[in-house]
Each structure stands twice: as C-alpha cells, then as structure tokens.
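The values are calculated or read from the model by the stated rules, or taken from the named source; none is laboratory data. Owing to the predicted nature of the structure, the values given are computational and were not obtained by experimental measurement. Quick reminder, even Gly has a Cβ in these numbers, built from the backbone with ideal geometry, and neighbours come from all protein chains shown.
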Amino acid sequence: MAFLEITGLNKAFKGHAIIRDLSVAVEKGEFLVVFGQSGSGKTVLLRLIAGMLQADAGDVRLDGQSLLGVNPEYRDIGMAFQNYALYPHMTAFENIASPLRSRNVPEDEVQKRVHDTARLLRIDHVIDHLPRALSQGQKQRTALGRSLVGRPAVLLLDDPLRNVDAKIRYEMRLELPRLLRSFESTVIYVTQDYKEAMALGDRIAVLVDGTFQQVASPHAVYDAPNNTRIARLFGDPPINLLSVRPAGTAHGLTMRIADTMVALPQTDEALVGRECMLGIRSENVGVSLESTSGIPVTIDAITPLNNRLVMLLRCTDGTEVFASCPQGGPLEGLRGRHQAWADFDLAHALFFDTNDGARL
C-alpha cells in the first residue's frame, strides 16, 4: 500500500468536469511533480487533497486512512500557494509560526521550530522583517517555511517558483530537493514548466484534461511519451512529427521522409503499411553542410538557445524540421540560408497512431 493513494477522484463545477476519474499512488518521501498546462486542473487537485474542496467522487487515503470528511487542519498536509498568501501585518517569524500558534504549540517549541526552519531556508537574517521588506525570493521561502514548520506528512506546492525571477528559480530548483529531503516530507509539486518538472521530480504525472495520461520517471516521459500530446509538451524546440508509412522490403523496413527513402533500424512488422506519425527530437537530427546520404534540406534559420544551436530546416517538399546541436561546431556563426543534409538518428524514433496520437 502506497503512503498517499488517490483513487477515482472526480470534481466538476457547474456541470463542467475538471478532474476526471483521477488515480495515483505516491510513496513515502517521494517527490511527485504534477505537470500540466494552465487550466488542466492542477490547483483543483491540490485543493481536493488538502480538503479545501470536496470531491464529487473518489477517495484520498493517507497511510491507509481515508481523508474523506476530515477537515483540512487535521489532515497532516501542508500547502504553499503560488501567490505566497503571507499575512502583511506579521513578520516573517510570525508568518512561519502561524500554523503552530493555531495548534497551541508551546512557545519554546515554536521558537525552536521557526528558527530551525528559517535557518534551513536561509532567511534567518530577515526573520523580523514584514513581507513588504522581503525580496520575492525571501517571500517565497517564508511561505515555504510556513508550510514546512509543522513537519507535515505531505507537502503540496502550487507552482511556488512561478512568481520569482529566473536566477532565484534556478537556485531553488537546486536547493528544493535538499531542503525537502531534510524535512522527510512526501511532496506533490505542481508546475507548468516542463524543465522544472524534469529537474525536480522522482516521477512526473502529466495532467491533461483532468486526468493523468502518463505517470513515469522524467527520462521515460521525455523519451517514451504515451502520446503526441505529451510529446509536444516536453522539449524546446518541440518534437518533430512527420506523417510516414513504413514499408517492408527484402532488406528490412523503409519509409519516405520528404522525398528521400530511409531505412528503419526497427523490425516491428506492425508498422508495415500503416499511416502513422514519426516523432524525432531535434537533438536526434544531425546537420551537415557537406553532401551526405542524408535528406537534402535548406537551413532557413539558425539561432542560439542556451548552449545549443537550433535550426529550422526545410525539406525539398516543404516539410519543416527542427534540429539542434552543441555550440562551437562547424555551424557556429552561420547566417543566411544554406543548402545542407539532415541525418535522422532513427534509433531514437517514436511512432504514434495518426488517429488518436497513442504511441505505437
């Protein structure tokens, strides 16, 4: 039995279903990231787990006990909100201490827990400041401290890094796992940033239209997405999706990409003669300015992205393909349109059903 079990959860507002028959099991101490686009139901899910909303159907069980009918303050669940929700008239100390005060924890224990938490979060030097005197990063850590100080069994984090600047977001991506391991909390972390999901999660639960369409490790979600919708959500630039129909020959499987026939390393006979979508990530498309046996293309545009170069290629039939490579190679500094050749690393190819988008 998992530590936190969510089974058959449903929630609708005015007849519009937000959460649909949603189920997931989370192990004790696990860091589960719930990833989804705006409006997918992420915050509603957290509020159902916390008891701030009541489900229309389904159950939430913590350590084997159902939480149905249990008020939020008795669920042993902490929650940090996206907008911090700090009390403006209270110091950082009193904001962090507020959950303990509401439970009448002895004052010496309040002092110890708040100072220990602030020290771990590296805000002990601003503990006497009001929220208006805190930076965005310090506000974020204060809100996190308030949710952690009670040592909850489960911690719910509602996109806590969304409103901080890029530098703080990067630092907290590195620090959060360390901090949360020190509190030994089971964490459900909501985000709409796929890079954040990949960096933080032990597993990622991809929420689409109110249900989890895949729950797997970051590696599995990226390299083996369950469908084209998930494949498009992960990756920058987005995955290339091309219509193909693999054919069987005496020498194995082949398919036509643009106007060029290429051999497939796969031997899956179920692909033969089937209209499907070929999925290939940009990093698995090599580009050469010298004539090769690859696919003739024109480099329409090239731009730096982090430590890589991203190219928009145009095949002879007009098909557009994204490719990327590390900076510093022969394509560095290239400008204008150029004739080139693209080599698809089909060992990493994915195939999806044309009709429903499911991975084959």
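Against the numbered list (1) assigned to a strand (DSSP E or B); (2) more than 16 Å from PHE344 (Cα to Cα); (3) at pLDDT 90 or above, ASP317 comes up short only at (1).
The strands (runs of 3 or more DSSP E) found wholly in the range 165-266 and carrying at least 2 residues that are out of contact with any Cys (no Cβ under 7 Å at 6 or more places or on another chain) and farther than 27 Å from ASN284 by Cα occupy 186-191, 211-216.
Mind listing just one residue for me: the one in the range 40-69 that is among the β-branched types (Val, Ile, Thr) and in a helix (DSSP H, G or I) and, of those, nearest to the chain's Cα centre (by Cα)?
This residue is THR43.
SER40 meets all of the listed conditions (1) surrounded by 20 or more Cβ atoms within 10 Å (Cβ to Cβ); (2) under 20 Å from ALA17 (Cβ atoms); (3) out of contact with any strand residue (DSSP E or B) (no Cβ under 6 Å at 6 or more places or on another chain) but one, namely (3). Of everything in the range 56-82 that is surrounded by 19 or more Cβ atoms within 10 Å (Cβ to Cβ) and either among the acidic types (Asp, Glu) or at pLDDT 95 or above (or both), the residue that is nearest to LEU233 (Cα to Cα) is VAL60.
Candidates are the residues of the range 284-293 that are of a type outside the set (S, T, N, Q) and without any contact (Cβ under 8 Å) to a residue 60 or more places away in the chain; the one that is surrounded by the most Cβ atoms within 10 Å (Cβ to Cβ) is VAL287.
Exactly one residue among THR142, THR191 is of a type in the set (Ser, Thr, Tyr), more than 23 Å from the chain's Cα centre (by Cα) and crowded, with 21+ Cβ neighbours inside 10 Å, and that residue is THR142. For the range 321-344, taking the residues that are among the aliphatic types (A, V, I, L, M) and in a loop (DSSP other than H, G, I, E, B), the one that is surrounded by the fewest Cβ atoms within 10 Å (Cβ to Cβ) is identified as LEU334. The residue of the range 294-310 that is surrounded by the most Cβ atoms within 10 Å (Cβ to Cβ), among those that are over 25 Å from the mean Cα position of the chain (by Cα) and of a type in the set (A, V, I, L, M), is VAL297.
Candidates LEU174, LEU134: the one that is in the same structural domain as ASN227 (by TED's automatic domain parsing) and touching a residue at least 40 places away in the same chain (Cβ under 8 Å) is LEU134. Counting only residues that are closer than 18 Å to GLY329 by Cβ and more than 31 Å from the chain's Cα centre (by Cα), the range 258-293 holds 5 of them.
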